[in-house]
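**Q** This is the structure I have questions about; it appears just below.
The values are calculated or read from the model by the stated rules, or taken from the named source; none is laboratory data. Note that the structure is a prediction, hence the values are computed from the model and not measured. Ideal geometry is used to build each Cβ from the backbone, glycine not excepted, and the neighbour counts take in all protein chains shown. Heavy atoms of the whole protein, side chains included, go into the accessibility calculation; ligands, DNA and RNA do not. Shrake-Rupley method; radii C 1.70, N 1.55, O 1.52, S 1.80 Å.
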Amino acid sequence: MTRLNVTVGRTPLKNPLIAGSAEHHIDPEGVRRALRAGVGAVVVKSINESERGRDQLQRAEYMLLDSEWREMAWTPNAPDTAFIACRSGLTPQSFDAWLDQTARLDHEARLVDSYAVASLIVADVARTVEMARQVEQAGVRVLELNIGTPYASQAKGVVSTELDPERVSMIVSAVREAIGIPLWVKITGQSERVPDLADAAFRAGGETVVMAGRLLGLVPDVETMQPLLGTTLGVGGYWNLPLTCHWLAVSRQQLGGDKPLIATNGARTGLDVARMMLAGASAVEMASAVMLRGAAVLSSALEEFDAYLRGKRMTAVELIGRAADQRKTFADMPLRTDNWRKNIADQL
C-alpha cells in the first residue's frame with residue numbers, strides 16, 4: 001500500500017482523484033488523457049435511453065463567468081475564480097456505441113491500474129435497470145448511477161433530480177438487484193436532506209455515494225436585463241467547496257465513518273482534494289476545472305496532493321474525516337462576549 005491508495009466500497013483506487021463525468025469525456029481521447037494524467041478512475045459522459053437527452057446536448061450552451069458575474073473569454077488562462085455556467089445534455093452516441101466504447105476504455109484503464117466508470121442517468125427506471133445489466137455484461141467494472149443532475153425540473157422526463165429518500169431507495173434497489181458490480185450513487189445538493197438521501201442509497205445497496213451535484217441557478221445580465229444564456233443554468237465552482245464539505249461532514253456524522261463518500265463540486269487543486277477528504281470523502285471527483293483547463297489540472301492536483309501528504313507524513317486514508325470528526329456544535333464553542341463588535345466595519 002502506498003500513501004495515495006484508498007478503497008471506495010469494494011473498489012481499490014491507486015489514488016483518490018477521479019476525473020468526473022462531463023463533455024470532455026464524450027470522445028475516447030478525453031478519457032485517455034485523464035488516464036495518462038494518473039487518476040484513480042475516470043467517469044465517462046453519462047447516457048440514458050432518452051433521445052431528448054441527446055438533443056439537449058445539441059442545444060447546450062456554455063459560458064465562463066468571473067467573480068463579478070460577467071462573461072469572460074473561455075481560456076485555460078482564466079483566473080482561478082472563474083467558473084462555468086451552462087445548459088448541458090447527454091452523450092450524443094447510441095447506447096450500443098457508448099457501451100462498446102466504455103468497455104474498451106475500461107479495458108485500457110485496467111492496464112494502468114485505473115477504471116473507466118460507466119455513468120447512467122435515470123429517466124425511465126426499467127430502462128435504466130436493463131442498461132445497467134448490459135453494462136455489467138459488457139465487462140465494465142464499476143457503474144455510477146446519477147440521480148442528482150441539476151436539470152430535471154427544466155428537462156422533465158429526461159434526467160432525474162431525486163429529492164425523496166423513498167424514491168432513491170426504489171431506484172437504487174432496482175438497479176442493485178440487477179447487477180453485481182460496484183454501484184456508486186450520485187445525489188443532488190439541492191436539498192436539506194442530503195444525508196437522508198445518502199442513507200437511502202446505502203440501505204438500498206449503493207456501495208458509495210457521490211455528493212453533491214451541481215446546482216440550478218439563474219444569473220441576470222444587468223445590461224440586457226435578460227437571463228444569461230436565456231434560462232436557468234447548471235452552476236458549480238470553487239465557491240461550492242464549503243457546501244460540499246458541509247454535506248460530507250454531516251453525512252459522515254449521521255451515517256458513520258464506514259460509509260464511503262465521494263466528493264464532487266468545488267475541487268480545483270490537490271489541496272482541495274485534501275480539504276474534501278478531511279471533511280469525510282474517500283475520493284474526490286474533479287470535472288469543471290478539467291473541462292476548462294485540460295487534463296494537466298489532474299496531474300498537477302495529484303502532485304500537489306502527494307506533496308501535501310509527504311509534508312504531513314500521512315497517507316490519504318489517514319486524512320478521511322479528520323476535520324469532520326472534530327466538528328463541534330455552536331453550543332460547544334467558548335463564550336466570546338461582544339466579539340461581534342470587532343468584526344463590523346468602522347462607520348465613522
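**Q** To the nearest 0.05, how large is the calculated FRET efficiency for residue 346 and residue 315 if R₀ is 56 Å and r is the Cβ-Cβ distance? Could the numbers behind the result be given before it?
**A** Details: r = 47 Å, r/R0 = 0.84.
Computed FRET efficiency for residue 346 and residue 315: 0.75.
**Q** What would the Debye formula give as log10 I(q)/I(0) at q = 0.13, 0.18, 0.19 Å⁻¹ for the alpha-carbon point model of region 70-225, no solvent?
**A** With no solvent term, the Cα-only Debye profile gives -0.69, -1.12, -1.19.
**Q** Stretch residue 325-residue 27 to full length: gain in nm at 0.36 nm per residue minus the Cα-Cα span? Please report the intermediate quantities before stating the final value.
**A** Values: separation 298, 0.36 × 298 = 107.28 nm, distance 4.05 nm.
Gain in length upon complete extension: 103.2 nm.
**Q** Under the classification rounded if a/c is under 1.5, otherwise prolate if a/b is larger than b/c and oblate if not, where does the chain fall, given a ≥ b ≥ c as square roots of the Cα gyration tensor eigenvalues?
**A** Numbers: a/c = 1.40, a/b = 1.18, b/c = 1.18.
Cα axes put the chain in the rounded bin.
**Q** Report the net charge of residues surrounding residue 273, where surrounding means a beta-carbon distance below 15 angstrom and charges are Lys +1, Arg +1, Asp -1, Glu -1. The partial results should precede the final answer.
**A** Values: positive: 3, 14, 268, 275, 310, 312, 322; negative: 272, 285, 303, 304, 306, 318.
Residues close to residue 273 contribute a combined charge of +1.
**Q** Shifting gears a bit: So for each of 188-196, 74-82 I average, over its residues, the number of other beta carbons within 10 Å; can you give me the resulting order with the highest mean first? Before the final figure, lay out the partial values.
**A** Values: 188-196: 18.8, 74-82: 12.6.
So the order, starting with the most tightly packed, is 188-196, 74-82.
**Q** If the elastic network links every pair of Cα atoms under 10 Å, which of 13, 335, 261 fluctuates the most in the Gaussian network model of the chain?
**A** Largest GNM mean-square fluctuation: 335.
**Q** At what distance in nm do the modelled label points of residue 104 and residue 80 sit from each other, each positioned 7 Å from its Cα along Cα→Cβ?
**A** 4.0
**Q** So, one more: When the chain is treated as a GNM, springs tying every alpha-carbon pair under 10 Å, which of 336, 310, 133 comes out with the largest mean-square fluctuation?
**A** Among 336, 310, 133, the largest GNM mean-square fluctuation belongs to 336.
**Q** Which percent, nearest 5, of DSSP beta bridges in region 91-230 are antiparallel?
**A** Values: 2 of 13 bridges.
Antiparallel: roughly 15 percent of the beta bridges in region 91-230.
**Q** Roughly how many whole Å is it from the C-alpha centroid of region 122-136 to that of region 216-251?
**A** Answer, in whole Å: 30.
**Q** While we're here: Hey, can you find the accessible area per residue of region 211-334 for me, probe 1.4 Å, expressed in square angstrom? Each step should come with its number before you reach the end.
**A** Working: 5790 Å² over 124 residues.
Heavy-atom accessible area per residue stands at 47 Å².
**Q** Report the gain in length on full extension from residue 68 to residue 94: 0.36 nm times residue separation, minus Cα-Cα distance, nm rounded to one decimal.
**A** Values: separation 26, 0.36 × 26 = 9.36 nm, distance 3.98 nm.
In short, 5.4 nm is gained.
**Q** Which log10 I(q)/I(0) values does region 179-245 give at q = 0.17 Å⁻¹ under the Debye formula, counting every alpha carbon as one identical point scatterer?
**A** These q points yield log10 I(q)/I(0) values of -0.71.
**Q** When we measure straight from the Cα of residue 186, which lysines land under 19 angstrom away, once same-chain ones fewer than 8 places off are left out?
**A** Output for residue 186: 45, 156, 259.
**Q** Each residue of region 76-81 in turn: what ³J(HN,Hα) in whole Hz from Karplus with 6.51, -1.76, 1.60 and θ = phi - 60°, glycine and Pro shown as x?
**A** Once θ is set to phi - 60°, the couplings for region 76-81 become x, 8, 4, x, 4, 7 Hz.
**Q** By how many nm would the segment from residue 57 to residue 258 grow when fully extended, if each residue of separation counts as 0.36 nm and the alpha-carbon distance is taken off? Spell out each step's value before the answer.
**A** Values: separation 201, 0.36 × 201 = 72.36 nm, distance 3.76 nm.
Roughly 68.6 nm would be gained on extension.
**Q** Can you give me the orientation-averaged projected area of the convex hull built on the Cα atoms of region 102-159, in nm²? Don't jump to the answer; show the numbers that get you there.
**A** Numbers: hull surface 16.9 nm².
Taking the Cα atoms of region 102-159, their convex hull projects to 4.2 nm² on average.
**Q** Go through 67, 169 and list them by solvent-accessible area, largest first, probe radius 1.4 Å.
**A** Numbers: 67 70, 169 45 Å².
Ranked from most to least accessible, the order is 67, 169.
**Q** With runs of 4+ DSSP H residues as the only contributors, calculate the mean residue ellipticity of the chain at 222 nm using -39,500 (n - 2.57) per run, divided by the residue total and rounded to the nearest 500. Could the numbers behind the result be given before it?
**A** Working: 11 runs with 122 residues, N = 348.
Helix-only estimate at 222 nm: -10500 deg cm²/dmol.
**Q** Separate question: Over region 189-308, what lengths in whole Å, largest first, do the semi-axes of the equivalent ellipsoid take, defined as the square roots of 5 times the eigenvalues of the alpha-carbon gyration tensor?
**A** Working: eigenvalues 143, 89, 24 Å².
Rounded to whole Å, the semi-axes are 27, 21, 11.
**Q** Something else: Which residue, 101, 254, 134, tops the fluctuation ranking in a GNM of the chain built on C-alpha contacts under 10 Å?
**A** 254
**Q** Which value, in Å² and to the nearest 10, is the accessible area of residue 166 when all protein chains are kept and the probe is 1.4 Å?
**A** Per-residue accessible area (residue 166): approximately 140 Å².
**Q** Take the alpha carbon gyration tensor of region 8-52, find the square roots of its eigenvalues, order them as a ≥ b ≥ c, and report rounded if a/c is under 1.5; if not, report prolate when a/b exceeds b/c, else oblate.
**A** Numbers: a/c = 3.41, a/b = 1.50, b/c = 2.27.
Since a/c reaches 1.5 but b/c is at least a/b, the shape of region 8-52 is classed as oblate.
**Q** Quick one, can you get me the convex hull of the C-alpha atoms of region 1-79 expressed as volume per residue in Å³?
**A** Details: hull volume 13.6 nm³, N = 79.
Output value, Cα hull per residue: 172 Å³.
**Q** Looking only at the chain, where both bridge partners belong to it, what percent of the DSSP beta bridges are antiparallel (to the nearest 5)? Kindly include the intermediate steps, with their values, before the conclusion.
**A** Working: 17 of 41 bridges.
Given both bridge residues lie in the chain, the antiparallel proportion sits at roughly 40 percent.
**Q** For region 58-112 and region 275-348, what is the separation of their C-alpha centers, rounded to whole Å?
**A** Using only Cα atoms, the two centres lie 25 Å from each other.
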